[in-house]
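Peer 1: Please read through the structure below; I'll follow up with questions.
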Amino acid sequence: MATGRSKDILRSTDSKLLGLDEPYVVLNGKVRGVFRLDLDLTFWSWEALRSQVAQLPLPCLPHAAIAFELPDGSVERPHLLYLLPYGSEVWFDPDDDRCRRDIMGFWRGVHAGMCKTFLPLGADPGALSNPMRIKCPLSPFWTVKLWNESHFPDLSEWAGWVDTGATRDSIIRESAAALSGVERRASNALFTTFQEWAYGSLREMHGAGESAYVSAILRKDQDALAEMLFDRLVGQASKVADKSKQAQAILYRVVTYAADHWDPSRASRDGTRDRRACAADVEGIVGVRDRQIVGARYAAQLRGKRSLERLVTAMREATREGRELTKSGMAVRADLSRPTVHKHWREALAQLRQV
C-alpha cells in the first residue's frame, strides 16, 4: 500500500493502520472497482455540492465525497468516489495476456465519460492519468460524506448514462474554460516548457532503457506512457505556475499529445546533430514562432560558415594548381550555387590572402 501527505509523493508503508491516517492513498490498480472524480472548485457547503451533483444526468449520487472542510463550512476540491458492485471489478493488467483489453478500454471510456459529465463542476481531466490516487476517506485530514449506500451501477449501466466514446483530447478541449484564469501568453509559455520536458523525459527513458517505458512501447500503450510522463513531471510543473491545478491541466494535455506522437525509432542520436546548439540564444523566449526564428537564424549562420569554408578550400586547391579564380569555376569546384559563392567571395579572398 502506498500513502503520503501529498498526492505527488507517495511511499510504501509497513503499517496499514498508520498508513491510512495519511491524506492520500493509492488503490489497487490491477483490480479496479472505484471511479474517482476530482473537482477543482470550492463549494459553499456540502449541501450545495450535493445539490449540484444531483442535477447532473447520472444514475445515482456518489457513494462517498471526501474533501477539506474550511472553517466557514465550505468544501474545498472534493474527491467523489463511485464504487462498482461487488464482483464487478475490472481486472486491469496489460502485462497479462489473459486480461481483456476491450474491458480495460470500456473502464477507461466510462471514467472519461463521467469526467466529461462533471466538467461543469470543475472536474479535473488530469485525474484520468492517475485514477487510483484518492483522498483517503479514513484520514483525519478530511471530512467524509456517504451519500449512497444502495445503488451501485455496473459498467453496462454507466454506459447508458455517460459518453463512453469521449476521448481525453476532447475532454481537455472542453475543459479549456477551466484555464481561463491563465493569461494566454503565460499558458503558451507553460505549454512550450512542458513540451520540452515531456520529450526530454521520453528521450531519457529511451536512452536508459527503463523497463516500464520499454513495456509501454512494446504494448503500444499510449495511456501508460502518458501516465508515466505525468507522474514524472507533475511535481515540477506544479511549482512553476501560480495555480498548480491549471499547470497540471496543461501538463496533462501535453503528455497526452507527446505519448500519442512519440516515435521511439527517432529517439536515438547519431551525434551528427547538436539539438541544444542554440539553447542559450532561445533562453527566455517563450513563443514557439519566435524560438523557431532564432533557430532558423542559427541554422542559416551555420550553413553560411560551412559554405565559406568549402569555398576557401576550393580556392586554395585551385591556386595550388595554378588555375584562375572565377566565381563560376569555384561554384562548380565547391559544389555551391553561384549566388552563394558571390555572397562569400570577398570574405573568401580575404582569408585566402591571410595564408
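The values are calculated or read from the model by the stated rules, or taken from the named source; none is laboratory data. Bear in mind the structure is a predicted one, so any value in this text is a computation, not a measurement. All Cβ positions, even for glycine, are placed from backbone atoms using ideal geometry, and neighbour counts span all protein chains on display. To get the accessible areas, we keep the full protein, side chains included, count just its heavy atoms, and leave off ligands, DNA and RNA. Shrake-Rupley method; radii C 1.70, N 1.55, O 1.52, S 1.80 Å.
Peer 1: Residues that are more than 25 Å from Pro23 (Cα to Cα) and either at pLDDT below 90 or out of contact with any Leu (no Cβ under 8 Å at 6 or more places or on another chain) (or both), at least 3 per element: which strands (runs of 3 or more DSSP E) completely within the stretch 64-175 meet that?
Peer 2: Numbers: elements: 64-69, 75-83, 133-135, 143-145.
The strands (runs of 3 or more DSSP E) meeting that bar number zero.
Peer 1: Scan the stretch 100-120 for residues that are farther than 14 Å from Gly165 by Cβ, touching a Phe, Trp or Tyr at 6+ places or on another chain (Cβ under 9 Å) and open to solvent by 10 Å² or more (accessible area, probe 1.4 Å) and jot them down.
Peer 2: Within the stretch 100-120, Arg100, Ile103 qualify.
Peer 1: Within the stretch 326-344, restricting attention to residues that are hydrophobic (A, V, I, L, M, F, W, C) and touching a residue at least 24 places away in the same chain (Cβ under 8 Å), which residue is surrounded by the most Cβ atoms within 10 Å (Cβ to Cβ)? Outline the logic, then answer.
Peer 2: Our first condition is that a residue be hydrophobic (A, V, I, L, M, F, W, C); within the stretch 326-344, this holds for 330-332, 334, 336, 341.
Retained after the next criterion (residues that are touching a residue at least 24 places away in the same chain (Cβ under 8 Å)): 334, 336, 341.
Values: Ala334: 23, Leu336: 21, Val341: 25.
For the stretch 326-344, the residue satisfying everything is Val341.
Peer 1: On the basis of being in contact with a helix residue (DSSP H, G or I) (Cβ under 7 Å, 6 or more places away or on another chain), farther than 30 Å from Lys220 by Cβ and acidic (Asp, Glu), does Asp40 make the cut?
Peer 2: Working: in contact with a helix residue (DSSP H, G or I) (Cβ under 7 Å, 6 or more places away or on another chain): yes; farther than 30 Å from Lys220 by Cβ: yes; acidic (Asp, Glu): yes.
So Asp40 fits the description; yes.
Peer 1: Of everything in the stretch 35-44 that's within 17 Å of His79 (Cβ to Cβ) and open to solvent by 30 Å² or more (accessible area, probe 1.4 Å), which residue is modelled with the lowest pLDDT? Outline the logic, then answer.
Peer 2: Here is the first cut: in the stretch 35-44, the ones within 17 Å of His79 (Cβ to Cβ) are 35-43.
After this cut, where a residue has to be open to solvent by 30 Å² or more (accessible area, probe 1.4 Å) as well, the list is 40-42.
Numbers: Asp40: 82, Leu41: 85, Thr42: 90.
Applying the filter and picking the extreme gives Asp40.
Peer 1: Give me the pairs: first residue in the stretch 200-215 and on the phi < 0 side of the Ramachandran plot, second residue aromatic (Phe, Trp, Tyr) and surrounded by 13 or more Cβ atoms within 10 Å (Cβ to Cβ), beta-carbon distance under 6 Å, and six or more apart or on different chains, which are they?
Peer 2: Pairs that qualify, where the first residue is on the phi < 0 side of the Ramachandran plot and the partner is aromatic (Phe, Trp, Tyr) and surrounded by 13 or more Cβ atoms within 10 Å (Cβ to Cβ), are Leu202/Trp262; Met205/Tyr213.
Peer 1: To continue, here is another question. Taking Ala67 as the residue in question, decide whether it is under 29 Å from Glu157 (Cα atoms), touching a Ser or Thr at 6+ places or on another chain (Cβ under 7 Å) and open to solvent by less than 70 Å² (accessible area, probe 1.4 Å). Walk me through it before giving the result.
Peer 2: Details: under 29 Å from Glu157 (Cα atoms): yes; touching a Ser or Thr at 6+ places or on another chain (Cβ under 7 Å): yes; open to solvent by less than 70 Å² (accessible area, probe 1.4 Å): yes.
Yes; evaluated as a whole, the condition is true for this residue.
Peer 1: Still on this structure: Restricting attention to the stretch 85-95, report how many residues are farther than 21 Å from Ile171 by Cβ and either within 26 Å of the chain's Cα centre (by Cα) or open to solvent by less than 10 Å² (accessible area, probe 1.4 Å) (or both).
Peer 2: From the stretch 85-95, those farther than 21 Å from Ile171 by Cβ are 85-89, 91, 93-95; that's our starting set.
The next check asks that each one be either within 26 Å of the chain's Cα centre (by Cα) or open to solvent by less than 10 Å² (accessible area, probe 1.4 Å) (or both); those that pass are 91, 93-95.
Total satisfying the criteria: 4.
Peer 1: Hey, another quick one. Please find, within the stretch 179-206, the residue that is modelled with the lowest pLDDT out of those that are open to solvent by 70 Å² or more (accessible area, probe 1.4 Å) and assigned to a helix (DSSP H, G or I).
Peer 2: Quick first cut of the stretch 179-206, residues open to solvent by 70 Å² or more (accessible area, probe 1.4 Å) only: 180, 183-185, 188, 196, 203-204.
From what is left, the residues that are assigned to a helix (DSSP H, G or I) are 184-185, 188, 196, 203-204.
On the way: Arg184: 47, Arg185: 53, Asn188: 59, Glu196: 84, Arg203: 88, Glu204: 88.
Ranking the qualifying residues of the stretch 179-206, first place goes to Arg184.
Peer 1: Now a separate question. Identify the single condition in (1) open to solvent by 60 Å² or more (accessible area, probe 1.4 Å); (2) out of contact with any Asp or Glu (no Cβ under 6 Å at 6 or more places or on another chain) that Gly29 does not satisfy, given that it satisfies every other one.
Peer 2: (1)
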